1. What angle do you read, to the nearest 10 degrees and between 0 and 90, between the alpha-carbon axis of helix B:168-198 and the longest principal axis of chain B?
2. Along the Cα→Cβ direction, 7 angstrom out, place labels at A:Thr60 and B:Phe133. What is the inter-label distance in nm?
3. Once the principal axes of the Cα atoms of chain A are found, what is the range along each, listed largest first in whole angstroms?
4. Taking chymotrypsin sites (Phe, Trp or Tyr not before Pro) as candidate sites, keep only those in a DSSP loop with at most 11 other Cβ atoms within 10 Å, then name the longest stretch of chain B containing none of them.
5. What do the square roots of 5 times the Cα gyration tensor eigenvalues come to for the stretch B:108-164, in whole Å, largest first, as semi-axes of the equivalent ellipsoid?
6. For helix B:42-51, what angle does its Cα long axis make with the longest principal axis of chain B, in degrees from 0 to 90 and rounded to 10?
7. In whole angstrom, and with the biggest value first, how far do the Cα coordinates of chain B range along each principal axis?
8. Cα-based Rg of the protein assembly as shown per 2.2 N^0.38 Å, rounded to two decimals?
Amino acid sequence: MTNLLEVKNLEVSFKTFGGEVQAVRNVSFHVDKGEIVAIVGESGSGKSVTVQTIMGLIPTPPGKVKNGEILFQNKDLLKLSKREMQKIKGSKISMVFQDPMTSLNPTMRIGKQIEEGLIVHQKLSKTEARRRAVEMIRLVGIPNAEERYNQYPHEFSGGMRQRAMIAIALSCNPELLIADEPTTALDVTIQAQVLDLMKDLKEKTNTAIILITHDLGVVAETAERVIVMYAGMMVESGRVNELFENPRHPYTWGLMESIPDTNAAHKSRLVPIEGSPPDLFSPPKGCPFAPRCKYAMEICLSEMPPAFEIGEGHHSRCWLNDPRAPKVENEVAAGREKQ
Amino acid sequence: MYIVKRVLTMFLTLWVIITLTFVIMKCIPGDPFASDADVLPKEVLQNMRAKYNLDKPLPVQYVLYMKNLATFDMGPSIKSETRSVNSIIADGIPASSRLGLQALVIALFFGLLLGIVAALNHNKPLDFAAMLFAIIGISIPSFILAPLLIKYFAVNWHLLPVASWGTWQHTVLPSIALAASPLAVIARFMRSSMLEVMNQNYIKTANAKGLSTMQLVIKHGIRNAILPVITFIGPLFVVLITGTFVIEKIFAIPGLGKYFVDSIFNRDYPVIMGTTIFFSTILVFTLFLIDISYRLIDPRIKLTSGGN
Ligand SMILES: Nc1ncnc2c1ncn2[C@@H]1O[C@H](COP(=O)(O)OP(=O)(O)OP(=O)(O)O)[C@@H](O)[C@H]1O
Ligand SMILES: [Mg+2]
């Protein structure tokens, strides 16, 4: 049937003193109801900009959406007025940010911060909103909810703040939750707890989730589909199982090389691939990854690869997938078979 | 506990101020009867000195003064013999405090407003206009602004009365003249504070909740941006108090400032002491209140902790 969210040919850039940063280039993907889609990629690859554009949080200026559509329940969010967008933000789509230490208002009680959305969107009375806020605090696994309701962010630990952020985000039962590196700033043990909480709540409420992460282990454990971004572009995307079994882009191979074996995946993190991402002021004409790619061919430098369809819903922007290209052994797969 | 400690330091501060003022005042050359020295016979002068204890050694004078002060008696004025210092202060308070409070309210209200408007229109014409206004406000001293205001609003355009005191119309120009420069400073302060706050992550969180711009600015922006500005109210208060001396002179307002300035020229020791003690008490108490209110607004600072 119809998708919950469909992003089509999204292009976002920022005007800076140095020139125009093309942060997101021609990104298209969709999210189904109740599905978890992960976005992975190096720092600066445009993950945050992509999702913040969906939420209308890109500061304009300097930011500008140059092209594209963001269809949410078949309405183009980019065409909505500020007011119409305010009705969707926090009620139908909500967001959890990367840094729980700075993402809560330091001078407002936690309970009040959870209530705000309920009062604005669901027009709850003060007492109803309060009851629901306490319920949300309990739901995200914070003990002594009544007491915690009256506390300020500085009285919460990092993990609890992120739980509070999740409570804020889920208070109005959104259809889509965007989590931008929700666990990066947390301790490893807390990371697992917060992820479990999100998965758990997703099961209960059937909220779709876009999960941005640096951690392929997290992707393997939680997501159903994954989008690999590089230099503002989607270089590979597909179902998690299929993409991890049969990755078809050298950048994805690079990301996966750090994973010794799939069972211990959650212990590994992304290790840097040699070289650095291209200059987004004037991205190269050809494949953005070509300068760092061991398998780069002549055509890679001069012509942008199209999105080759590998399998159902599995796409890769790499010339190696062209029938005329030489067969390159997939190192990751090969390495794994040897073990 | 914190409050007790704070009150004790408050009194200690006042005591230091009183003592220092006493010592420094006595160091100014000359005495209250310098102008009478040629006219009056020696014996009369001696008697008058004795009446005000001026013939005793300095430490004795100090102890006597502090004893009286403990009973809130600040003695008689030397120049206007019929009046006590207490009554002089009581007479001056209404005009001075009205002028000071009006200026404070004007400076705070319009300063904050200007700063917020400028920040929300960052790098747009309104921002530039507000900041140009602020720079002018800061760079023109009140003793130049006051005559200019008088010239245009009172003399040329006959919009408001000038000089003396009485109706509220009389208070408008002096209040504006006094408020102008603190207003400008507050505006600049609030603007930069607001700009910083609106860039914080928690504003993005609030925005992602779907709040309107109004709610965003009022509930999440201003409350956090105003914190550093509150600390600034202390120094602002000093500016207002000292500013009133100049403004009261220019507008011929029967306030405390006039007595304060005159008493220094006349070496009217009890009045110098009285007015200084009065002003410093107000100042120290204001700082105390600001400290407390800061702790009420910012939950991260606790009243129980020793504070830092
Ligand atoms: N407000 C802005 N002004 C100018 N450039 C920006 C702005 N916001 C983002 N960019 C640029 O857009 C590009 C993509 O940034 P983005 O934050 O989306 O990266 P990311 O993939 O989320 O990285 P990370 O993993 O570090 O969060 C970067 O090159 C960044 O410099
Ligand atoms: Mg990011």
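1. Tilt of helix B:168-198: around 50 degrees.
2. 3.0 nm
3. Taking the Cα atoms of chain A, the three principal extents are 68, 47, 43 Å.
4. Details: sites that count: B:Phe72, B:Trp157.
With a cap of 11 other Cβ atoms within 10 Å, the longest stretch comes to B:158-308.
5. Numbers: eigenvalues 164, 27, 23 Å².
Ellipsoid semi-axes (Å, largest first): 29, 12, 11.
6. 50 degrees
7. Sorted from largest, the Cα extents of chain B read 85, 58, 30 Å.
8. Numbers: Rg = 35.2 Å, N = 647, 2.2 N^0.38 = 25.7 Å.
So the Cα radius of gyration is 1.37 times the expected 2.2 N^0.38 Å.
Values quoted throughout were computed directly from the atomic coordinates according to the rules given, and no laboratory measurement underlies them. Note that this is a predicted model, so its numbers are computed, not measured. Every residue, glycine among them, receives a Cβ derived from its backbone with ideal geometry; neighbour counts consider all protein chains shown.
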